[in-house]
Amino acid sequence: MRLTLRLLSSVVQKRPFYITTPIFYVNAAPHIGHLYTALVADAIQRFEKLTNPDCQVIFSTGTDEHGTKIQQAAAKEKVPLPEYCAKVSNEYRELFKDFDIEYTDFIRTTEERHKTAVCHFWKRLMDRDYIYKANYSGWYSVNDEAFVPETHLRDEVLDGEKVKVSTESGHRVEWTEETNYMFRLSEFRTHLLKWLETDGVIRPAKYQQQLRASLERGYLPDLSVSRPASRVPWAIRVPGDEEQSVYVWLDALVNYLTVAGFPDEEAMKALGRPWPPDVQVVGKDILKFHGVYWPALVMAGGLHPPRRLLCHAHWTAGGAKMSKSRANVAAPREAPAPSHALRYLLLREATLLDDANYSETKLVNIANAELADTLGNLVSRCCGAALNPGQRMPALPRRQLALMRGAAPAHQLLDQLERLPDACHALYSDCQFHKVADEAMRTLRLANQFFESSRPWLLKDRPEERERLDAVLHVAMETLRVCAVLLQPMVPELAARLLFKLRVPEEERSWDHSAPSWTQDGQGGRQIEPGKFVLFQRIYAAKKARA
């Protein structure tokens, strides 16, 4: 049975399809790891709209702007905190615009609507007796802005000093004793295990199994959900207690409720009551916060936990996770390729389970081999004035179609193209974008082989071969049309340019129009957009390109 994201979507629920990214911490400029998370969510929501054009989508992203690390970053740059947060937040907005990330709501934790939601949610937990005040001590990581259990620590020697570090993040911890508010997380172990019994609630399944194993090992301690305001002044104050700041992770997680209109009943109704989220995309380093703390918190608030968490592995550079502290961050705007090429690479090369290593050489090689040589070359061959002076997609003669089915490599191409939409649907539904690209490129390579073996440059000078030439051009251009429709979630700008060149109307670009023409009684011809056309210019290593 196919496990699909759409089983949980608005198609079934008659409600908006609500998808989120985590909100991104503004202690540094965005890198390709942040971009990848947003691209995964964007590809999912584009697939949802492609397969269900009438679906309303709520796609949220944004920036997390409170906490000690933000204070430190602003102080280092000698910039006032609000100005610093606005600057980095705007960098994310501009980056997402450049990479065609089609969000509907960009939330900032410094907005008044969010502060209102956090305070209301806090009071609800207090009223339900899930928050209490207590003296608390433990190992605290400033970098992670979280207390780390003793079982998740190891000893290391840094700068000649023996210290403890988190086994998960590698960041140094320090012993801390203070008075905090605590969340009764221990009461939710059974509830969380029950939630995790639902097949597919966390994808891929490996991450769901990891969380279950962790919870089954035993006691789940209560969670500190505040810090002394004297230690963390740049934060939302605990309602009714100015001496305490709301824990930055609780503050950040509530953003998903803020976007859904919480706590304003009229706002939630106007949005179509999107809660709970259908899909929440997260990196594996923050799975515990989203797979343990977050569902427990919303359960405590009397709300449903998310329908699905989609967890992905990391992009690395030089084999290590990208981070400011390692000085191995790859900035998207410094990539030697247009934005749609980097977008393609990130979705094409990464898998959800395994870390992928980024290099500019890989980016250039894949973009040239697949977008320029495989896809772009076929476009140039079909649409060039030398072979297609009339600038048209000719009708497909039925007799020629029958002849093609009996000869290689034409029949291989026809078979591959006919099965391509169903194959890609299954792969998109399981968020296997790399395999979607594999299927599309396999089809396009077959089309290039078919074109080459048909030798249309010889047919064009023989009037008696006009019908055969028309068939070759139709099948090759129909391959381009189908692949462009199917690749829209991955490379929307590139696909749109190709569909415009082929004069495919906007209303014929949905998934319902992804089958080849000869399977839909649509073999008729049409004019294409005239003029010289280069879909994707080859990249040369010395050249720095921008979208």
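Data for the structure
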| quantity | calculated |
| --- | --- |
| Search result, residues across the range 262-275 that are open to solvent by 10 Å² or more (accessible area, probe 1.4 Å) and either under 23 Å from ALA73 (Cα atoms) or out of contact with any Gly (no Cβ under 6 Å at 6 or more places or on another chain) (or both) | PHE262, PRO263, ASP264, GLU265, GLU266, LYS269, ALA270, GLY272, ARG273, TRP275 |
| ASP285 over 22 Å from LYS435 (Cα atoms) and either open to solvent by less than 10 Å² (accessible area, probe 1.4 Å) or of a type in the set (D, E, K, R) (or both) | yes |
| Helices (runs of 4 or more DSSP H) contained in the range 433-507 and holding at least 2 residues more than 22 Å from GLY525 (Cβ to Cβ) | 433-454, 492-501 |
| Matching residues, the range 78-110, being acidic (Asp, Glu) and either surrounded by 18 or more Cβ atoms within 10 Å (Cβ to Cβ) or in contact (Cβ under 8 Å) with a residue 24 or more places away in the chain (or both) | GLU91, ASP98, ASP100, GLU102, ASP105 |
| THR258 vs. criteria at pLDDT below 95, among the hydroxyl-bearing types (Ser, Thr, Tyr) and open to solvent by less than 20 Å² (accessible area, probe 1.4 Å) | no |
| Hits in the range 148-167 - residues which are open to solvent by less than 60 Å² (accessible area, probe 1.4 Å), of a type outside the set (D, E, K, R) and within 35 Å of the chain's Cα centre (by Cα) | VAL148, PRO149, LEU153, VAL165, SER166 |
| Odd one out for ASP241, checked against (1) open to solvent by 40 Å² or more (accessible area, probe 1.4 Å); (2) over 29 Å from the mean Cα position of the chain (by Cα) | (1) |
| Selected residue (only one of ALA495, ALA476, ALA541, ALA447 is in contact with a helix residue (DSSP H, G or I) (Cβ under 9 Å, 6 or more places away or on another chain), modelled with pLDDT of 95 or more and either closer than 26 Å to THR361 by Cα or surrounded by fewer than 17 Cβ atoms within 10 Å (Cβ to Cβ) (or both)) | ALA495 |
| Test: GLY200 is of a type outside the set (A, V, I, L, M, F, W, C), touching a Lys or Arg at 6+ places or on another chain (Cβ under 8 Å) and either surrounded by 14 or more Cβ atoms within 10 Å (Cβ to Cβ) or at pLDDT 95 or above (or both) | yes |
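The values are calculated or read from the model by the stated rules, or taken from the named source; none is laboratory data. Note that this is a predicted model, so its numbers are computed, not measured. As a convention, Cβ positions derive from the backbone with ideal geometry for all residues, glycine included, and neighbour counts pool all protein chains shown. Side chains are part of the model used for accessible areas, which takes the heavy atoms of the whole protein and leaves out ligands, DNA and RNA. Shrake-Rupley method; radii C 1.70, N 1.55, O 1.52, S 1.80 Å.
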